[in-house]
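The values are calculated or read from the model by the stated rules, or taken from the named source; none is laboratory data. Computed from a prediction, not measured in an experiment: that's the story for all the values here. With ideal geometry, Cβ positions are generated from the backbone for all residues, glycine too; neighbour counts draw on all protein chains shown.
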Amino acid sequence: MPKLRRLWMRLRATIGSGHCGRDFGDELESILQMHVDDNLHRGMTPEEARRQAHIRLGGVEQVQQVARDRRGLPWLEVFGRDLRYAARTLLRTPGFAAVAMLVMAIGIGASVSLFTVIHSVLLRPLPFPHPDRLVAIYSQDAVWSHNTVAPGDFYDWQNASHGYEQMAIWRWTGFNMSASDEQFPEFLNAGTCSWNLFSTLGISPVLGRSFKPADDNPGAARSAILSWALFERRFNHSPAVLGNTIRLNGQLYTVVGVLPDWFRYPNPKIQLWVPWQIEIPREVQWSHYDHIGYVVGRLKPGIQSTVAIQELSAAQHQIYLRLNGTGPVKQGAVATPLLEDMVGEVKTPLYVLLSAVVCLLLIACLNLSNLLVARSAARRREMAIRTALGSSRLCLIRQQLTESLLICLGGGIVGLLFATVGTHWLTTHWEGLPRAYSVRLNSMAVAFALGITATAGVLAGLLPAISASGGSVLSALQENSRGIGGSASRTSMRKALLTGEVALTVVLLVAAGLLFRSFLRLRAVDLGCTTKNVLTMNYFLRGDKYSKPEQIVNFDTELLEKVRQIPGVKAGLTNVVPGDGYYGDHEFWVPEHPPQPLGEHHFAAYRTADPDYFSTLQIPLVRGRFFSENERLEHDKYAIVNQEFVRQSFPEEDPIGKHLRVEWRTQQGENYEIIGVVRDTSYQIDRSARPMMWFPILAGIPGNSADSVLVIRSAKDVMSLATPIQKVIGSLDPDLPVKNILTMDQIVGESTANSSFTATLVLSFAGLSLLLAAVGLYGVLSYLVTQRTPEIGMRMALGAERKRVLRLMLLDGLRPALVGLALGMAASVAITRLIRSVLYGTSPLDATVFILVILTLLLASTAACLVPAWRAARIDPMRALRSE
Amino acid sequence: MADKTEVWLGTLSLMVLRILVTMGPQHGYGLARRIEQISGDQLSLNYGTLYPALLKLEQEGAITSEWGVSDNNRKAKFYRLTRTGRRQLERQTHDWHQATAIVARFLSPSEEG
């Protein structure tokens, strides 16, 4: 305690040192006086008394020095002095200080934002107990490395494995929630899970209870667990909802629990959970063919994931051997850590962005370094004088470092503000960033900001400080302020810094160019249908009201009739529009073909359509015809396929008139006649075409034909049709919610959003570094021209042409740019392969991008050098020589 | 002899505390004189040596200071013991006795035989 108190007192004394110093002077004076009085008393003469007193005191100055050192904290005082000095120097050139700080602020702000996102999304463990023991388990065969799991496989795994404490299965589902108490009908994204999902994760509901084994049973009473969001939004926080029933898809479910507010697994969109065996159709319950579930396992303590998965994989292989030939069975199992499974997709984009940002920060450091070298050149005489007066080299370096640290500190504080804005912007604008809800600027981020601020300050300040303080004092003092030579070493250092800056800029430009080109490729992808003026909306026909085909077909027919009455509107129905994802596929056989070898299975994406769907989306017919109005209900045995389907299954035949055998209504399957072939459409914008088959949506088979997308095309603004059409749906069934009201352009935009996001960000970083590099070039060459004015004047006086002078200076300035360009190109060739996985249809060594980068950089650096070079060429030799 | 100042500072503060507890508030000059007197003029103190000890004690809160008037009507800064200082003196006196006793045992010739 006394030690601490002493430190505190010394700190106080340091800060308010003026007052204490005066106080001590007074005390010394009073002691001297008393001593003199004493001496006088003893009979000395006044002069003698004073002299003796001074001798005994031991030198006023020395005593004061001792007192000063002991009273305060000398190192703090020195630091304070450095700080004051640096601040004064900076304030003398406020423009320079502001620009330097702003540049650092952008670099630091961007780095902190990215770090915060990476820390929260990729690095922070999941909020469950022992999250390192949680794994996602997938099934696997030769084609699919991570396939969802068939329920039958899952139950066999549960019995066979010894490495997992628990294992749970879940999948996405959705419910229409009826209108009630002035609340609108609503479609809810939901999950259906085996009873133990929550205990596997290690959490329990905040209200009520978790599912019990008895709930997860085909015959059990229907129960549901609400997410906190739904509990808050729809049930007003009222615990009374526990034990009450809610109506989902027309069925009554008892609410048994409410999940904690922070629980967002696997996705915050999931509003409620229902037990697995109640939701999954009975015939799929024990199937080994329907790969529909996501499996989460919790490893037993001390068990390696690789060991546990080996056992599962062996069990799966047994199933494969037993059932091979009866249907599509997977051959093995693989596990991924749960966190990796959730965020793996954004890993590369995030690290790409972080590297870009670190590049930007490095460039900002080099830039600041460059500016400081320039300033230190101007302050060479000051440094020399201070050295001559006894300042040590360390002292001068410290002084200079303080200055760059001060700039970086200012930059860091502003940068932290930028980071708060930047982080918020990133998480709200990055579509589909997993765990985005958990991203927060926390103390880790502040510590990181402090760390990089200090590093940047030292990095930027050390080189100029060392270069400024070295060298001969005498030559600096003798040096004519405008003399030739002397600062040659400093100029070459600035050039070296610039070379580094240009090289980093080139790398950034190349990366940005590649990402942008890849984005443009994506945008240019032809979906295979029109996307202009098309509106889509989803509805799902569920429950008692839609349990019979007639009910579904009646609704669809009435809806289409009413929508088509709106003038200028074309309308069609399907289950999935192009560009909106793969969704499910279905196995098929061609009865006209010889039987398939054992274990071989053919799948095609499952689609439905009404007669007008293809013409509404302008998907061209290649051969045959579309569906007709009377192909509905039982009279539905017709199918349409795409070109890719024909390419794979009918390579050398006419598919029209052949049949597809699918198992829909019965176990034996039914034959569907192929009546048409349409052009390929992409199910996802960055994927190549896959075989697809369409069946009449007006067959009305519950489960198969009940998921509908209404597609509307009109000549004018389609968005204005959304409300009238919603009203039409409301008039047909007031309890039916409509969701995903989107134009085709929006659907395409959503799937390219991430790519455009990364490309735009990296491009803006690259543009910023190009600007910094250009400004650096301009600064160095301007300085060089001023330095060499007398020399140039001399050359001109001796007969050099202006054109030659211009070329000389231009080349001098361009040399660091050219060397930097070469270095940057070499680095890019080595580095760009790392971002291969985020590029679409673009080689990491894309020639166009590389050439464009070279041209851009040459153009920018020439422009930056031209002004000072031109100024050099216009020097008046007479005035230049006279100014010497 | 490198540590001489430190040892000196330690014992010096003990002397200062002792004088303040027996004689009441003193100014710096008075303290220096008293120490010289008590030591039988074997110690000769200049203020440059005494001041750091006073400063350290004040920073630790063992003594406080305030301006007053000396016997012969001079303005002077008086140092006074605090409660913390009193406790510190007790502890240091005890420590000092213990330390000297231990050293004395080592130096005493009778233990050898």
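Mind checking which residues of the stretch A:653-682 are farther than 28 Å from residue A:326 by Cα and either free of Cβ contacts under 8 Å to residues at least 12 places away in the same chain or assigned to a loop (DSSP other than H, G, I, E, B) (or both)? It would help to see each step written out before you state the result.
The initial filter retains those residues of the stretch A:653-682 that are farther than 28 Å from residue A:326 by Cα, namely A:654, A:656, A:675-682.
Within the stretch A:653-682, A:654, A:656, A:679, A:680, A:681, A:682 qualify.
In the stretch A:384-397, the residues that are among the basic types (Lys, Arg) form Cβ pairs under 6 Å with partners that are modelled with pLDDT under 80 and assigned to a helix (DSSP H, G or I), at six or more places apart or across chains, as follows: A:393/A:469. Number of residues in the stretch B:65-113 that are more than 16 Å from residue B:29 (Cα to Cα) and not in a helix (DSSP H, G or I) equals 5. Is it the case that the stretch A:429-440 has a residue that's at pLDDT 85 or above, closer than 30 Å to residue A:267 by Cα, in contact with a helix residue (DSSP H, G or I) (Cβ under 8 Å, 6 or more places away or on another chain) and aromatic (Phe, Trp, Tyr)? Within the stretch A:429-440, not a single residue is at pLDDT 85 or above, closer than 30 Å to residue A:267 by Cα, in contact with a helix residue (DSSP H, G or I) (Cβ under 8 Å, 6 or more places away or on another chain) and aromatic (Phe, Trp, Tyr). Among the residues of the stretch B:31-71, those identified as facing chain A (nearest Cβ under 10 Å) and of a type in the set (Lys, Arg) are B:33, B:56. Scanning the stretch B:73-94 for residues that are among the aromatic types (Phe, Trp, Tyr) and surrounded by fewer than 21 Cβ atoms within 10 Å (Cβ to Cβ) gives a single hit, B:78.
When the stretch A:201-215 is filtered for residues that are within 38 Å of the chain's Cα centre (by Cα) and either of a type outside the set (Lys, Arg) or outside the structural domain of residue A:168 (by TED's automatic domain parsing) (or both), the ones remaining, listed by number, are A:201, A:202, A:203, A:204, A:205, A:206, A:207, A:208, A:210, A:211. Looking across the stretch A:35-62 at every residue that is over 19 Å from residue B:75 (Cβ atoms) and within 9 Å of another protein chain (Cβ to nearest Cβ), the one that is nearest to the chain's Cα centre (by Cα) is identified as A:62.
For the stretch B:72-86, which positions are hydrophobic (A, V, I, L, M, F, W, C) and within 11 Å of chain A (Cβ to nearest Cβ)? Before the answer, list the steps.
Filtering the stretch B:72-86 down to residues hydrophobic (A, V, I, L, M, F, W, C) leaves B:76, B:78, B:81.
The answer is B:76, B:78.
Here is a list: A:80, A:107, A:72. Which entry is within 14 Å of another protein chain (Cβ to nearest Cβ) and either surrounded by 14 or more Cβ atoms within 10 Å (Cβ to Cβ) or in contact with a Leu (Cβ under 6 Å, 6 or more places away or on another chain) (or both)? Explain how you work it out, then say what you get.
On the way: A:80 fails: within 14 Å of another protein chain (Cβ to nearest Cβ); A:107 fails: within 14 Å of another protein chain (Cβ to nearest Cβ).
Result: A:72 is the single residue among A:80, A:107, A:72 that is within 14 Å of another protein chain (Cβ to nearest Cβ) and either surrounded by 14 or more Cβ atoms within 10 Å (Cβ to Cβ) or in contact with a Leu (Cβ under 6 Å, 6 or more places away or on another chain) (or both).
So which helices (runs of 4 or more DSSP H) are wholly in the stretch A:784-884 and hold at least 2 residues that are modelled with pLDDT of 85 or more, hydrophobic (A, V, I, L, M, F, W, C) and under 21 Å from residue A:758 (Cα atoms)?
Values: elements: A:802-831, A:847-873, A:877-882.
In the stretch A:784-884, A:802-831, A:847-873 are the helices (runs of 4 or more DSSP H) which contain 2 or more residues that are modelled with pLDDT of 85 or more, hydrophobic (A, V, I, L, M, F, W, C) and under 21 Å from residue A:758 (Cα atoms).
Within the stretch A:127-148, the residues that satisfy the criterion of being more than 17 Å from residue A:310 (Cβ to Cβ) and of a type in the set (A, V, I, L, M, F, W, C) are A:128, A:134, A:142, A:143, A:144. Could we say that residue A:561 is at pLDDT 90 or above, of a type in the set (D, E, K, R) and either surrounded by fewer than 19 Cβ atoms within 10 Å (Cβ to Cβ) or out of contact with any Lys or Arg (no Cβ under 9 Å at 6 or more places or on another chain) (or both) here? Spelling it out, residue A:561 is indeed at pLDDT 90 or above, of a type in the set (D, E, K, R) and either surrounded by fewer than 19 Cβ atoms within 10 Å (Cβ to Cβ) or out of contact with any Lys or Arg (no Cβ under 9 Å at 6 or more places or on another chain) (or both).
Could you tell me whether any residue of the stretch A:177-197 is more than 34 Å from the chain's Cα centre (by Cα), at pLDDT below 95, assigned to a strand (DSSP E or B) and under 20 Å from residue A:261 (Cβ atoms)? No - not one qualifying residue is present in the stretch A:177-197.
Reported count of residues in the stretch A:698-712, each being in contact with a Lys or Arg (Cβ under 9 Å, 6 or more places away or on another chain) and crowded, with 21+ Cβ neighbours inside 10 Å, is 6.
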